[in-house]
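Data first, discussion second: the structure below is written as structure tokens.
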Amino acid sequence: LLVGQSNRRVQQLFASPHSAGSVAIGMAEGTRSIDGGKTPYWTSHTDPGNQKRNQGTFSNQVDGKTAEEADELQLERVRKFAEKIAGQAPELTELELVAGADLYNQAPKAAATYLEKLAEAKKKGLSGEEAIVEARVKSFIAPNGKLDAPGLRNDLEFVKFDQGRRVEEIDKGLKRN
């Protein structure tokens, strides 16, 4: 029953590039505004981390001839990841779920350890945004103990700042939509 509810929740959050979860991720990316509108960055912008061309709500730099096509292609990947973590952890709050999907959108490699790092943060007594930010920051630490965040300057303080900013934007977006 819970898994079905989780998948329904994922389908609602990520039904389209204009649904609440997608817009919240777009707010973290700077491509969408709180009212769901598109910022000038939506059409195309240069990624500050790797200098590649980003387009659409999710700042897709992998594929898509247009921002609309980029949205559809990346939305499918983000939705699949959200379904996966919702299935593994049906108790995730909406914010935890969308923040995990956003981490996948930002850094798929880091997102692989998100649920594990979130559980560790909660065991330490953290909750809400604080637990999510901690989990996201720790997800950028490679198994060898070294920070692996080239797109974020490989600077721990900058990673903390960026992850806090993104989670705050997602929270604002979800509360608004």
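The values are calculated or read from the model by the stated rules, or taken from the named source; none is laboratory data. Predicted, not measured: the structure shown is a model, and the values here were computed from it. Here the Cβ positions follow ideal geometry from the backbone for every residue, glycine too, while neighbour counts run over all protein chains shown. Calculation scope for accessible area: heavy atoms of the full protein, side chains included, ligands and nucleic acids excluded. Shrake-Rupley method; radii C 1.70, N 1.55, O 1.52, S 1.80 Å.
Rolled with a 1.4 Å probe across the full set of protein chains, the surface gives Lys160 an accessible area near 90 Å². For the stretch 72-118, the equivalent ellipsoid built from the Cα gyration tensor has semi-axes of 16, 12, 9 Å, listed from largest to smallest. Using only alpha carbon pairs under 8 Å that are at least six residues apart, calculate the relative contact order of the stretch 76-177 and give it in whole percent. About 22 percent, as a whole number. The lysines whose alpha-carbon is closer than 17 Å to the alpha-carbon of Lys122, local same-chain residues fewer than 8 away aside, are Lys138. For the chain, the relative contact order comes to 23 percent (Cα pairs under 8 Å, sequence separation of at least 6).
Applying 1/(1 + (r/R0)^6) with R0 = 41 Å to the Cβ-Cβ distance of Ser16 and Lys146, what FRET efficiency is obtained, to the nearest 0.05?
According to the calculation, E is roughly 0.60.
Expressed as a whole percent, the accessible area of the stretch 122-175 that falls on carbon and sulfur atoms is 52 (1.4 Å probe). Ligands, DNA and RNA are left out, and with a 1.4 angstrom probe the accessible area of the chain is 50 Å² per residue. Peptides 16-26, 84-94 ranked from most to least packed, by the mean per-residue count of other Cβ atoms within 10 Å: 16-26, 84-94. With a cut-off of 14 Å on the backbone N, the residues of the stretch 143-167 near the modelled label site 7 Å out from Glu116 along Cα-Cβ are 143-146.
Calculated on the alpha-carbon coordinates, the convex hull of the stretch 44-99 measures out at 88 cubic angstrom per residue.
Give the distance, in whole Å, between the Cα centre of the stretch 138-153 and the Cα centre of the stretch 64-109. Taking the Cα centre of each part, the stretch 138-153 and the stretch 64-109 sit 20 Å apart. With the cut-off at 22 Å, tell me which of the pairs Lys146/Lys172; Lys109/Lys146; Lys65/Lys160; Lys84/Lys117 have Cα atoms farther apart than that. Check vs 22 Å cut-off fails for Lys146/Lys172; Lys65/Lys160. Rounded to the nearest 20 debye, the dipole magnitude of the stretch 72-134 is 260 debye, with +1 charges on Lys and Arg beta carbons, -1 on Asp and Glu beta carbons, and the Cα centre as origin.
Electrostatic tally near Lys160: other residues with Cβ closer than 10 Å to its Cβ, Lys and Arg +1, Asp and Glu -1, net -2. What you get for the stretch 131-174, charging only the Cβ of Lys and Arg (+1) and of Asp and Glu (-1), is a dipole of about 80 debye around the Cα centre. The Cα-based radius of gyration of the stretch 33-177, divided by its Kirkwood radius, gives an Rg/Rh of 0.95.
In the assembled protein chains, Tyr41 presents an accessible area of approximately 130 Å² (probe radius 1.4 Å).
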